[in-house]
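Single-structure report; data block below.
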Amino acid sequence: MHWADVTAQALSHKGNKHIVSTGITPSGEFHIGHLREILTGDMIARAAHNAGLDVEFVFIVDTADPLRKVYDFLGPEYEQFIGHQLGSIPAPNDEGNPDWKRFEQEGWTYGDSFLEPFLEALKQIGVRPRIINNLESYRSGRFAQLSKIACDRADDIRECIERISGRELPTDWFPWSPLDSKGSLDGVKVTGYEYPLVHWVDSHGVNGSSDLRKGEGKLPWRIDWPAKWGWIGVTCEPFGKDHGAAGGSYSTGREIVQILGHEPPHPLTYEWISLKGKGAMSSSAGNTVGPIEALQLVPPEILRLLVAKSKPNKAIEFDTGMGLVTLADEFERMAARDFDAELENPELSRRQRVQIEDAAGAMKMAAVEAGTKAQATAVTFRHLALLAQTKSTDDDVWASLVQSGALEAVTPQLHDRLKRMRHWIQSDHFPEEMKVNICTEPDTGALRQLDELEQSILVHLSQLLQHCKWNADDIGRCIPQAAKDLDQSPKLAYKAAYAALMGAEKGPRLAPILAEMKKDTILTLLSDCTTFIQNDTE
RNA sequence: GGGCCUGUAGCUCAGUCAGGUAGAGCGUCGGACUUUUAAUCCGAUGGUCGCGGGUUCGAACCCCGUCAGGCCCGCCA
């Protein structure tokens, strides 16, 4: 069974109505690591739906979290906002400075500016959660009831955190962080509590009171999380392995939520996504790939497959080079399979059966529109990459595919894929070994690898091409003909041609590539090659 | 120091919860295709399941220990 179905099955034992929740702090640009959080949740929700449960998927944007530091992409003016909530400060403009105008006129906040492009990406990959703005939830009193319980039972909660996390909380610790006179959560000391007010003194020596019902502050993270579970009614939540460790925030959360009068959600810990060869994703180190950037390279269903095919506890390495080709081609192969027919085979071992079921489950989850079946495009990524490089216009690409019988009609899906493919080819993610390189001068090493027979075929080929009409069909006929004229297998002609033109033993289909190039260039190259051969053998 | 996760074929992983003849894909190699030679199809190759003990008729799987990598115990998916 697919991992999402396993989770759905666990949920079904607990009841019929479920809320699957995910949450991210919009402190900077979102990256594909965040995509795992939200896709994991989305897949569980889909699986629960398929299992006949009444399920809702929510995404909490943690706009109540404070700005922790002036990140590299921010200007020094942000110093004044440290400790201020992300949903209450202006967004950075292109120079990294606060965009006051938009903030005052449209209420455009720091949190909004990072959230918006992510939501755009979610739309493309078929994820449509109910979005909950955390800061607004505080302001509208959603947390009021549970905040009261937390403050009333401060000692129980303190005991819980100290026992489970093993750290000692400061004596003036209190389960409510009030906003100070300047709007910061930092350096505020709680001096008293009488519901609904928490009294405080801030770092500037100012005294004040914070109303739990109006969002004039927030619960600290370890309480904020279980409080969300409570008021939203969360029954299942995937989270990163950092939260999942013993003593981590889930450990304390599952007890605190009970103090607050609710049951903990079903947990699912997942591993990180890293960039191949670059380690864990880190915005400050600059080695991130954003969801939008990823979508410019890969179709959404393939991005979904990446998450769907890996069990959550497996780390994922996102490779924007050759790994992408492997992944995309795997998608094509899987899309072309008939899993139901495969499962009808009575000879299957238990393991083989499980493997087929998991593959079928992963493909189901990869579909952008829930319930639809992923369609094989009949064109592999490799092949399309080749065509995209050798054909200057899209129409030529389609013509070639139709002519070769690879496809009957061009689908919108293929148009879309070609667009991304061209984008990928132009990006610096495109791997060297996928590039089609025709030699600019004879590759002497490769030519010496040819035996005399092959060399003579090459000489003959060079002559044939001189009188060849310069189109793919005619060139394509010339190559095998060069061998046939000497009563040899066409294989040898290809071998010789690859050695001369690409300096390799094998390569992609030559004729269409040559047809795209200037005849003179190729003929000059071949004549240089034959000259070299004749001189070298003497 | 305490705890969690991972370690199975060259690579990516399934199989561990319910112990029962070591599985898949990729790669590699071979064959076929007398114009789709990075394509496609067919076939083959490949593993002291990190290591050492224990339980068992039987262990990749359960138990104990150990090594290696990653992570958490500071509000970083």
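The values are calculated or read from the model by the stated rules, or taken from the named source; none is laboratory data. Please read these numbers as outputs of a predicted model, since none were measured by experiment. With ideal geometry, Cβ positions are generated from the backbone for all residues, glycine too; neighbour counts draw on all protein chains shown. What goes into the accessible areas is simple: the full protein's heavy atoms, side chains included, and nothing from ligands, DNA or RNA. Shrake-Rupley method; radii C 1.70, N 1.55, O 1.52, S 1.80 Å.
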## Note on the structure
Once Lys and Arg are counted +1 and Asp and Glu -1 for all other residues with Cβ under 10 Å from that of A:S27, the total becomes -1
### Computed over chain A: relative contact order in percent, which uses C-alpha pairs under 8 Å that are six or more apart
12
### D (Stokes-Einstein, µm²/s), Kirkwood Cα radius, the range A:381-434, 0.890 mPa s at 25 °C
214
## Note on the structure
Per residue, the convex hull enclosing the Cα atoms of the range A:383-515 spans a volume in Å³ of 114
### Query
Can you tell me the Rg and the Dmax, both Å, for the Cα atoms in the range A:1-89?
17.7, 53
### Summary
Sparse-neighbourhood loop hits (chymotrypsin sites (Phe, Trp or Tyr not before Pro), the range A:161-224; DSSP loop; Cβ within 10 Å at most 16 others) -> A:W173
### Task
Place a +1 charge on the Cβ of each Lys and Arg in chain A and a -1 charge on the Cβ of each Asp and Glu, then give the dipole magnitude about the Cα centre in debye, rounded to the nearest 20.
1140
### Charge dipole (chain A, unit charges on Cβ, about Cα centre) - positive-most of A:I479, A:H2, A:I259
A:I259
## Note on the structure
Note to self: with every protein chain in place and a 1.4 Å probe, the range A:444-537 gives an accessible area per residue in Å² of 52
### Query
Considering only protein heavy atoms and a 1.4 Å probe, what is the carbon-and-sulfur percentage of the accessible area of the range A:66-144?
44
### Task
Set Lys and Arg Cβ to +1 and Asp and Glu Cβ to -1, take the dipole of the range A:1-146 about its Cα centre, and tell me which of A:V70, A:F57, A:V127 lies farthest positive.
A:F57
### Task
Work through the residues other than A:R351 whose Cβ is under 12 Å from its Cβ and net out their charges, Lys, Arg +1 and Asp, Glu -1.
0
### Query
For the range A:444-537, what is Rg from Cα atoms divided by 2.2 N^0.38 Å, rounded to two decimals?
0.96
### Task
Would you mind checking the tilt of helix A:154-165 against the longest principal axis of the Cα atoms of chain A, expressed as 0 to 90 degrees and rounded to 10?
40
### Query
Can you put A:C439, A:C236 in order of accessible area, largest first, using a 1.4 Å probe?
A:C439, A:C236
### Query
DSSP loop GluC sites (Glu not before Pro) in the range A:287-366 with at most 12 other Cβ atoms within 10 Å of their Cβ, which ones?
A:E344, A:E347
### Task
Report the charge-dipole magnitude of the range A:381-434 in Debye, nearest 20, computed about the Cα centre from +1 at each Lys and Arg Cβ and -1 at each Asp and Glu Cβ.
100
### Summary
Across all Cα atoms of the range A:95-248, Rg and the largest Cα-Cα distance (Dmax), in Å, are 17.8, 50
## Note on the structure
In whole angstrom, the spacing between the Cα centers of the range A:223-282 and the range A:287-325 equals 23
#### Entry: Global size of chain A as Cα Rg and Dmax, reported in angstrom
30.7, 102
### Task
First compute the accessible area of the range A:174-244 with a 1.4 Å probe, then give the percent of it belonging to carbon and sulfur atoms.
51
### Query
Name the GluC sites (Glu not before Pro) in the range A:130-178 that are in a loop by DSSP and that have at most 14 other C-beta atoms within 10 Å, would you?
A:E168
### Message
With angles folded into 0 to 90 degrees, how steeply does helix A:300-309 sit against the dominant principal axis of chain A? Use alpha carbons for both and round to 10.
### Response
70
### Summary
Taking the dipole of the range A:444-537 about the Cα centre (Lys, Arg +1; Asp, Glu -1; charges at Cβ), the one of A:L447, A:I457, A:A511 that reaches farthest to the positive side is A:A511
### Query
How long, wide and thick is the range A:326-437, going by the Cα atoms along their three principal axes, in whole angstroms, largest first?
49, 30, 26
#### Entry: Between the range A:373-449 and the range A:494-538, the alpha-carbon center distance in angstrom
21
### Query
In degrees from 0 to 90, rounded to the nearest 10, what is the angle of the helix A:519-537 Cα long axis to the longest principal axis of chain A?
70
